[in-house]
Amino acid sequence: EMRSILAGVDESLLKAELSNTGDLLMVNSNLKSEVGYGAASTIYNINDFINDLDKPQFEKAWMRLVNQGFFQGVINFTSLDGEVKALDITLVGIQNFAGDIAKIILMGTDKSAIKAVEDKYMQAIGENNELKDTLAKTDEELNKRVREVREQLALQYKEVERIRIRNDKAVDNAPIAMVGFNAQGIIEVFNKKAAEIWGYNAQEAINMP
């Protein structure tokens with residue numbers, strides 16, 4: 001069920017996982033298309049794509065995220081080819097055992113298309129109040145639905161993280177030594193029993209070959 005929910009997010013929303021310093025750890029295809037994401041081996045920071053005029057606003061948003069664990073708002077992004085796009089984003093902070101934000105989930109939608117349609121109509125018919133009201137109601141209804149979906153997804157992400165933390169604790173307190181490493185041989189898991197046997201603590205062993 002969780003995999004189905006996350007697959008639905010990938011298909012319908014812009015989504016990324018960020019480090020607590022803003023580095024983009026994972027970017028789905030929708031967001032890559034919006035910002036013209038470059039080579040897969042390149043590590044970008046979210047600030048690389050924030051429009052210069054919006055950077056002061058985004059710095060305030062980031063502080064709110066760090067302090068409150070949540071931010072929602074419209075930020076102008078500049079793609080690598082120079083195109084400016086208004087993205088309605090939600091940032092959710094995921095905490096580690098110590099209660100510090102370990103990573104950040106970004107979910108969003110592109111509002112540029114809605115804005116472009118509104119501008120086109122306004123240019124064509126001037127100050128048509130009836131049309132403006134219709135567009136405002138449509139935009140309001142769309143934003144309401146997006147907010148509802150994001151709130152549900154944020155809860156699902158927190159539940160996934162809660163399960164992950166529980167599993168991590170089970171591994172850490174296991175009665176046998178457990179060491180896990182990736183395909184490159186870099187240690188990613190080093191529990192307490194392993195620390196007793198090898199004489200290293202987890203902080204020393206993790207990320208070592």
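The values are calculated or read from the model by the stated rules, or taken from the named source; none is laboratory data. On a predicted model such as this, the values are computed, not experimentally measured, just so you know. Neighbour counts run over all protein chains shown; Cβ positions are idealised from the backbone, glycine included. Heads up: the accessible areas ignore ligands, DNA and RNA and are worked out on the full protein's heavy atoms, side chains in. Shrake-Rupley method; radii C 1.70, N 1.55, O 1.52, S 1.80 Å.
So I have (i) 41, 18, 15; (ii) 32, 18, 16; (iii) 29, 27, 15, and one of them is semi-axes √(5λ) of the Cα gyration tensor in Å calculated from this model. Which one is it?
Step by step, semi-axes √(5λ) of the Cα gyration tensor in Å for this structure corresponds to label (i).
Considering the zone a paramagnetic label at Val189 would reach in this model (a point 7 Å from Cα along the Cα-to-Cβ line), which residues of region 158-172 have amide N under 19 Å from it?
Taking a point 7 Å out along Cα→Cβ of Val189, the residues of region 158-172 whose backbone N falls under 19 Å are 160-172.
Give me the distance in nm between label points sitting 7 Å out from Cα along the Cα-to-Cβ direction at Gln156 and Leu80, one decimal.
About 2.9 nm, to one decimal.
Can you give the relative contact order of the chain as a percent, counting alpha carbon pairs under 8 Å and 6+ residues apart? Present the calculation step by step, with values, prior to reporting the outcome.
On the way: 268 pairs, mean separation 27.3, N = 209.
About 13 percent, as a whole number.
Hey, what number do you get for the chain at 222 nm if only DSSP H runs of n ≥ 4 count, each worth -39500 (n - 2.57), divided across all residues, to the nearest 500? Please report the intermediate quantities before stating the final value.
Details: 7 runs with 101 residues, N = 209.
Calculated at 222 nm, the ellipticity per residue is -15500 deg cm²/dmol.
Hey, what's the chain come to in accessible area per residue, 1.4 Å probe, Å²? All intermediate terms of the calculation are to be shown ahead of the outcome.
Working: 13150 Å² over 209 residues.
I get 63 Å² per residue for this part.
Cross-link list Lys15/Lys120; Lys32/Lys137; Lys15/Lys111; Lys60/Lys137; Lys85/Lys158: which exceed 26 angstrom alpha carbon to alpha carbon? Present the calculation step by step, with values, prior to reporting the outcome.
Values: Lys15/Lys120 29 Å; Lys32/Lys137 30 Å; Lys15/Lys111 15 Å; Lys60/Lys137 29 Å; Lys85/Lys158 29 Å.
With Cα atoms farther than 26 Å apart: Lys15/Lys120; Lys32/Lys137; Lys60/Lys137; Lys85/Lys158.
How much net charge surrounds Lys144 when only other residues with a Cβ under 15 Å from its Cβ are counted (Lys, Arg +1; Asp, Glu -1)? Each step should come with its number before you reach the end.
Working: positive: Lys111, Lys137, Arg145, Arg147, Arg150; negative: Asp88, Asp139, Glu140, Glu141, Glu148, Glu151.
Computed value for this residue: -1.
On average over all directions, what projected area in square nanometres does region 155-206 have, based on the convex hull of its Cα atoms?
Projected area, direction-averaged: 4.1 nm².
Could you order the peptides 175-183, 51-59 from most to least packed, using the average number of other C-beta atoms within 10 Å per residue? Can you show the working numbers first?
Numbers: 175-183: 11.3, 51-59: 13.6.
Taking the mean over residues of other Cβ atoms within 10 Å, the ranking is 51-59, 175-183.
On a 0 to 90° scale, report how tilted helix 112-125 is relative to the longest principal axis of the chain, with both axes built from alpha carbons and the result rounded to the nearest 10.
Approximately 0 degrees, to the nearest 10.
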